[in-house]
Amino acid sequence: MARIGVFICHCGENISATVDCGKVCEAASKLKHVAYATEYKYMCSDPGQSLVKNAIIEHKLTGVVVSACSPRMHEPTFRKATAEGGLNPFLCEMANLREHCSWVHEKGEATTEKAIDIVRTLVEKVKRNAALQPIRVPVTKAALVIGGGIAGIQAALDIANCGHKVIMVERSPSIGGHMSQLSETFPTLDCSQCILTPRMVEVLQHPNITLYSYAEVEQLDGFIGNFVAKIRKKAKSLDEKACTGCGLCITKCPQKKIPNEFEEGMGFRPAIYVPFPQAVPNRPVIDKANCTYYIKGKCKVCEIVCPTKAIRFDQEDEVIDVEVGAVVVATGFDIKRADFFPEYGYGKLKDVIDGLQFERLASASGPTNGEILRPSDGQKPKNIVFIACAGSRDPAKGIAYCSKICCMYTAKHAMLYKHKVHEGNAHVFYMDIRSAGKNYDEFVRRAIEEDHVNYIRGRVSTVYERDGKLIVKGVDTLLGAQPVEIVADMVVLATAGVANPGAEELAQRLHVSYDSHKFFAEAHPKLKPVETNTAGIFLAGACQNPKDIPDSVSQASGAAVKVAALFSQSELTREPLVAAVNRFGPPLYSTCVGCFMCQPVCPYQAIEREEIKSRDGKVIKSLAKINEGLCQGCGTCVALCRSKSIDLYGYTNEQVYTEVVALLNDY
Amino acid sequence: MSDFEPKVVAFVCNWCTYAGADLTGTSRIKYATNVKIIRFPCTGRIDFMLLLKSFANGADGIIISGCHPNDCHYTSGNFHAKRRWIMFKELMDFMGIDMKRITYSWVSAAEGARWAEVVNTTVARVRELGPYVSYQKMVNTHIEEEVTNE
């Protein structure tokens, strides 16, 4: 005889404000097989959990229904409490009275009735729960880090320094990411290259790190502790072992007019190239789309000049499988590009550039060797205008969020300009200055007070060209919305930070969630900021949302600790919510007829063929068998099985049909 | 008919729509109380016989919702569900089941507002259609008697 305990949580006032918890408790206590029902203000608190534990012992409960928040929030908490009360943790279910009831409905009788319906449904379900034992799976103690920017580098080094193997995959020919493009970093104005490049070299030389540059993750299969990643190593047309990185091929390549991605299109590179002089690994790749040999079938100058004969034109992409136990996604961000700001002439007027282009102009290794020069005529701009929030915080443009880094880097840009062009004037149009961070506000004050940058609070409506000058028309809201017109030589837009192109595709390959802006979604906005909803996959850096360097590094270290914690165990326990083919005693008595229709629908190849043999070795029956190590419990085979021979623990046919009946019938 | 409150059952997957409905709650977006959610690991797990079971037990409308194509936590469960749904839909239509009472949708974990919209439009539509007594008539003559007695 089932003895169910129902525990109704008020969640402070979150539930009790709209749901009459007393009434729910009374109704629950009258349900068939409910031996005990109670309510409490905070069921997840220590006394609340003790309530559950003691009631299990005192009332000899055989099942527990905690009617509180979403099971996605506190199911583990209450399963643990149930286990501590001496009951199998899988005999605990949660009725979602907060997210699915009290928060989405007004106070009233209908809301309370819905709450009672939900509780009744779960009481009926939990009666049919089985006492399951967790599945133990081994852990592969190697991590895959996707993305070689500062977040990926930090995560890789931290994990590797814990003594675990790391495989780093970087899409471009060199690691370094956007940080390697920056000139100087706020709020200290130290050179970005000086602090980044030693860490890049460390990654290359670390005995625990294997670096695959110019490679992409094509597929990820498996589950926490046991992933298999398919990595496509794009053909570099180069024998990396033979190449010494002398760079002779780069200087001799006749194709020299390819816009340089690293310089944000402000310089040129040949078809065989390293992205920048401090690249890691410092070996060239051939850009097949622009190489004369690959286009026209002849040239091969690089092969002729190469002193070590390292060029391999016949090299093909290589796809390798690597086994890892955890994944850190650190694929970074991008900025909004041309066409997005027709009113600012971006992409049309040569002297209207974006933040990253300005970084390259200000960088000592940039196309102008660190001199701030106009892209159109190479003159020093006497008047420069910075437009903050270009695209950010603009719901009309589809980006309602704040890109977080632009206030700071705009202040930095204005400062760098003033340090390099002493007689020049810098103007900044801003909406608000958001400089929360250690020494951040002081930095902005310094730009205004010591470097005399002219901050104008207001938006710019248009930028257009007149007599070789850029006319910036805006408004100063602190002077009573007075129109402002500045005749500028150059305009820098702090364009919104956006998700990397291809982020959505990668999320789909990794089976992680993403938000409406294609940024990867964390498992919980406050309490699980580095985890994803897919166990074993963690986030680091700006792939989650725009972040500055200190935040990216902290998050990367956080992700690394999560990975290290995972690897500190030799075995993982996994939820046993897997499918199984029915077996009544001897295998001959299964209702499975062996049609194997379930095999092709299984996304994990978890369904195997089992052959039952008679004494003389003749096969008398074959039936499906589910490998519980591979099964992830999606249940597609259960719904498909024509003879209803497969069932899914935790969501058995009996349970779900009872749920439907209980939900719709008052009894 | 004005005091008719339809009973709507929602079959949702754990990873997208259940989380999306959680987000509706976290964002405090209000929707009709008529919908009650049953959680599944994946829409691929949803046995469409459950729909008939629901109607037989007095449901007036049904929502099935899972991850958007390509976003399935289990890679392809939502595709299998959709494929089976295409077949089953035809069959149910042929059997004379009112397909306007069933909503098949995709709501991601980030679409809290969309979940409220799906619920509200379904409830409004089912409210207009009225109680689904004709199904119960079809399957259960006892219920038919009760209805005519009323």
- request: Identify all aspartates and glutamates with a Cα-Cα distance to A:Lys473 below 19 Å; exclude those on the same chain that are fewer than 8 residues away in sequence.
  value: A:Glu343, A:Asp351, A:Asp354, A:Asp394, A:Asp432, A:Glu465, A:Glu485, A:Asp489
task: Mind checking segment A:397-500 for GluC sites (Glu not before Pro) that DSSP puts in a loop (not H, G, I, E or B) and that have at most 15 other Cβ atoms within 10 Å?
output: A:Glu423, A:Glu450
field: 32 Å Cα-Cα threshold exceeded, pairs from A:Lys241/A:Lys336; A:Lys41/A:Lys125; A:Lys412/A:Lys469
entry: A:Lys241/A:Lys336
- prompt: What is the average number of partner chain Cβ atoms found within 10 Å of a Cβ in A:655-663?
  reply: 6
- request: Enter the Cα centre distance for the pair segment A:437-483 and segment A:609-667, rounded to the nearest angstrom.
  value: 67 Å
message: Using 0.36 nm times the number of residues separating A:Glu218 and A:Lys41, minus their current alpha carbon distance, what extension gain do you get?
response: 58.8 nm
- line: The helix A:109-127 Cα axis meets the longest alpha-carbon principal axis of chain A at an angle in degrees, between 0 and 90 and rounded to 10, of 70 degrees
Shape of segment B:8-147, Cα gyration tensor, a/c cut at 1.5: oblate
field: Loop-located chymotrypsin sites (Phe, Trp or Tyr not before Pro) in segment A:498-593 whose Cβ has at most 13 other Cβ within 10 Å (DSSP)
entry: A:Phe584
task: Counting other beta carbons within 10 Å of each Cβ, put A:Leu478, B:Leu52, A:Leu470 in order, fewest first.
output: A:Leu478, B:Leu52, A:Leu470
- prompt: When a footprinting reagent is the concern and you count Cβ atoms within 10 Å, what order do A:Arg609, A:Arg446 take, fewest first?
  reply: A:Arg609, A:Arg446
- request: Classify chain A as rounded, prolate or oblate from the Cα gyration tensor: take a ≥ b ≥ c as the square roots of its eigenvalues, call it rounded if a/c is under 1.5, otherwise prolate when a/b beats b/c and oblate if not.
  value: oblate
- prompt: Given a Förster radius of 35 Å and the C-beta distance between A:Asn88 and A:Ala436 as r, what FRET efficiency does 1/(1 + (r/R0)^6) yield to the nearest 0.05?
  reply: 0.15
- line: Label model pair A:Thr210, A:Lys350: point-to-point distance (7 angstrom along the Cα→beta-carbon line) in nm is 4.9 nm
Lys/Arg +1, Asp/Glu -1 at C-beta; the protein assembly as shown dipole; positive extreme among A:Val492, A:Thr462, A:Gly594: A:Gly594
- request: Extending each Cα 7 Å along its Cβ direction at A:Arg337 and A:Lys23, get the distance between those two points in nm, one decimal.
  value: 5.9 nm
- request: Could you compute the FRET efficiency for A:Asp666 and A:Arg128, with r as their C-beta to C-beta distance and R0 at 22 Å, rounded to 0.05?
  value: 0.70
task: Can you spot the aspartates and glutamates whose alpha carbon is less than 12 Å from A:Lys252's alpha carbon? Ignore those fewer than 8 places along the same chain.
output: A:Glu303
- request: Within segment A:473-499, find all residues whose amide N lies under 18 Å from a label point positioned 7 Å from the Cα of A:Leu189 along Cα-to-beta-carbon.
  value: none
- prompt: Going down the table (A:Lys526/A:Lys547; B:Lys30/B:Lys82; A:Lys141/A:Lys236; A:Lys234/A:Lys348), which pairs top 22 Å between alpha carbons?
  reply: B:Lys30/B:Lys82; A:Lys141/A:Lys236; A:Lys234/A:Lys348
- prompt: Efficiency by 1/(1 + (r/R0)^6): what FRET value for A:Glu58 and A:Ile320, r their Cβ-Cβ distance, R0 = 56 Å, to the nearest 0.05?
  reply: 0.45
- request: Please get the size of the charge dipole for segment A:248-305, origin at its Cα centre, with Cβ charges of +1 on Lys and Arg and -1 on Asp and Glu, quoted in debye to the nearest 20.
  value: 340 debye
- prompt: So how strong a dipole does segment A:625-667 carry about its Cα centre when Lys and Arg Cβ are +1 and Asp and Glu Cβ are -1, to the nearest 20 debye?
  reply: 280 debye
- prompt: What are the GluC sites (Glu not before Pro) within segment A:320-379 that DSSP puts in a loop, where the Cβ has at most 15 other Cβ atoms within 10 Å?
  reply: A:Glu371
- prompt: Once the dipole of chain A is set up with Lys and Arg at +1 and Asp and Glu at -1 on Cβ about the Cα centre, which of A:Ala279, A:Val475, A:Ala559 lies farthest towards its positive end?
  reply: A:Ala279
- prompt: So for A:Lys420, A:Lys412, fewest C-beta neighbours within 10 Å to most, what's the order?
  reply: A:Lys420, A:Lys412
Total charge dipole magnitude, the protein assembly as shown, about the Cα centre, Cβ charges on Lys, Arg, Asp, Glu only, Debye to nearest 20: 1540 debye
message: Can you compute the modelled spin-label distance between B:Met49 and A:Ser568, with each label point 7 Å from Cα toward Cβ, in nm?
response: 4.8 nm
- prompt: What is the mean number of Cβ atoms from other protein chains located within 10 Å of the Cβ atom of each residue in peptide A:404-417, rounded to a whole number?
  reply: 0
message: If you fit an axis through the alpha-carbon atoms of helix B:77-95 and take the longest principal axis of the Cα set of chain B, what angle between them do you get, 0 to 90°, nearest 10?
response: 20 degrees
Aspartates and glutamates whose Cα lies under 14 Å from that of A:Lys518, excluding same-chain neighbours fewer than 8 positions away: A:Asp334, A:Glu504, A:Glu505, B:Asp71, B:Glu111
- line: Here segment A:56-62 yields Karplus 3J(HN,Hα) values (6.51, -1.76, 1.60; θ = phi - 60°; whole Hz; Gly and Pro given as x) of 4, 6, 5, 9, 6, 5, 10
- prompt: Any idea how far the Cα center of segment A:169-208 sits from the one of segment A:233-308, in Å?
  reply: 21 Å
message: What whole-number distance in Å separates the alpha-carbon centres of segment A:1-25 and segment B:83-98?
response: 39 Å
field: segment B:1-89 shape via C-alpha gyration tensor axes, a/c threshold 1.5
entry: oblate
message: Test of understanding: extend the Cα→C-beta vector of A:Ser376 to 7 Å, then name every residue of segment A:444-473 with backbone N under 17 Å from that spot.
response: A:462-473
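Only the coordinates and a few stated rules stand behind these numbers; no lab work does. Source: prediction; values computed, not measured. Heads up, the Cβs are rebuilt from the backbone with ideal geometry, glycines too, and the neighbour counts pull from every protein chain shown.
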